[in-house]
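Remarks on the structure that follows.
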């Protein structure tokens, strides 16, 4: 618990304590049972959107930085390495181009990894002729208030910041959030997007441009989350994302619905294509029903696993919790069995052969598992893979 809060409570040992928050859990997702004895949910985000108090944001999510081997410290990614992965000229230019396509002229807040990243984002917008400013905690109060006043009256359209405007700041007329800061924290994810959700006169909605991959892991802010005071579990980790995109009217709706409740569009089997592992791309309406989303999710949970030092099976179980089926992986990348290349098929079979050896299964187990995921027996590379696996085993014995 933060020492600043602890000192206040220590000075009033007999006081009754009431905590008020939109995110009743710590940055690492753990509950607050060591501080509070009862949890009361006054309203969910979805209920507040239905009542008109908040706007349900329209979310566009695209390719995210490769975060594998970026370590996690105190519940979130280590900033130094995270900044190197995100603060590139290519990615910053992509932020500007996407904003010009999806949200031109709207008052916008951008969330960056660190001060240098925030300054680079503001500079990229300025170079494109968009009124933009950078704001950080090292500025005087007068400077910060001046920047926010210009955003409020429309003289500035984009304000980029790092961990200054995530909480304790309210501008209901704000319409767009650019999320360029990846986070492993559901708490921070909700706080950032919450800045644009407040309803006010003459505001027709809210837009999120997610360049961080956060929605692939944490979902939309209106999804149902089972809050808890239990400090031994992470809030929201196993709660389903429950999201599908209407191809006709772009409405996001519950995948259990047989058709779009707005226009009647009926979902078809999604087109399955393997997305590039690196690079930028045009953002699309967030949708967790196709292979591109699943591949993005796999990379992000692998990054979390590596940062936390968990065994490889952790990511597979997280994937199965979210999608109801085990991932098919070759050389660390998710593979679409329906459209796998011969080299990818070989990699999948090799992964099963190695898994059989590690677990002490018979050699034929790998072929049966391959048939389960692909619908046919492995052929064309079986002998080659077995020879390679035998060579690996021999090499390990020699080293031992």
Report task. Report, ordered by the first and then the second residue, all pairs with beta carbons closer than 7 Å, sequence separation of six or more or different chains, a first member in region 171-188 that is on the phi > 0 side of the Ramachandran plot, and a second member that is outside any strand (DSSP E or B) and surrounded by fewer than 24 Cβ atoms within 10 Å (Cβ to Cβ). Result -> none
Query raised in the report: So which residues in region 211-235 are out of contact with any helix residue (DSSP H, G or I) (no Cβ under 7 Å at 6 or more places or on another chain), buried (at least 24 other Cβ atoms within 10 Å of the Cβ) and not in a loop (DSSP other than H, G, I, E, B), if there are any at all?
Result: 215
Report summary line: Out of (1) touching a helix residue (DSSP H, G or I) at 6+ places or on another chain (Cβ under 8 Å); (2) in a loop (DSSP other than H, G, I, E, B), the one residue 170 does not meet is (1)
Query - Residue satisfying condition, being at pLDDT 75 or above and in a helix (DSSP H, G or I), within set 389, 351 - result: 351
Requested in this report: Please specify each residue of region 182-207 satisfying the condition of being touching a helix residue (DSSP H, G or I) at 6+ places or on another chain (Cβ under 8 Å), assigned to a loop (DSSP other than H, G, I, E, B) and modelled with pLDDT under 95.
Outcome: 182, 183, 184
Query raised in the report: Residue check: is residue 164 under 30 Å from residue 30 (Cβ atoms), touching a strand residue (DSSP E or B) at 6+ places or on another chain (Cβ under 9 Å) and not in a loop (DSSP other than H, G, I, E, B)?
Result: no
Query raised in the report: Restricting region 51-69 to residues that are modelled with pLDDT of 90 or more and surrounded by fewer than 13 Cβ atoms within 10 Å (Cβ to Cβ), which is nearest to residue 200 (Cα to Cα)?
Result: 52
Query raised in the report: Would you pick out the residues in region 317-348 that are buried (at least 20 other Cβ atoms within 10 Å of the Cβ) and in a loop (DSSP other than H, G, I, E, B)?
Result: 327, 328, 335
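Here's the yes/no breakdown for (1) out of contact with any helix residue (DSSP H, G or I) (no Cβ under 6 Å at 6 or more places or on another chain); (2) not assigned by TED's automatic domain parsing to the domain that holds residue 102:
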residue: 8; (1), (2): yes, yes
residue: 14; (1), (2): yes, yes
residue: 26; (1), (2): yes, yes
residue: 29; (1), (2): no, yes
residue: 33; (1), (2): yes, yes
residue: 64; (1), (2): yes, no
residue: 84; (1), (2): yes, no
Requested in this report: Considering each of 298, 314 in turn, give the residue that is within 18 Å of residue 68 (Cβ to Cβ), at pLDDT 75 or above, in contact with a strand residue (DSSP E or B) (Cβ under 7 Å, 6 or more places away or on another chain) and surrounded by 14 or more Cβ atoms within 10 Å (Cβ to Cβ).
Outcome: 298
Report task. Kindly list the number of the only condition in (1) under 30 Å from residue 41 (Cβ atoms); (2) crowded, with 19+ Cβ neighbours inside 10 Å; (3) at pLDDT 60 or above that fails for residue 292. Result -> (1)
Query raised in the report: Does at least one position in region 70-85 carry a residue that is farther than 22 Å from residue 184 by Cβ and surrounded by fewer than 23 Cβ atoms within 10 Å (Cβ to Cβ)?
Result: no
Requested in this report: Look at region 64-91 and say how many of its residues are more than 17 Å from the chain's Cα centre (by Cα) and in contact (Cβ under 8 Å) with a residue 60 or more places away in the chain.
Outcome: 1
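The values are calculated or read from the model by the stated rules, or taken from the named source; none is laboratory data. Keep in mind that what you see is a predicted model, and the values were worked out from it rather than measured. Glycine gets a Cβ as well: all are built from the backbone with ideal geometry, and neighbour counts include every protein chain shown.
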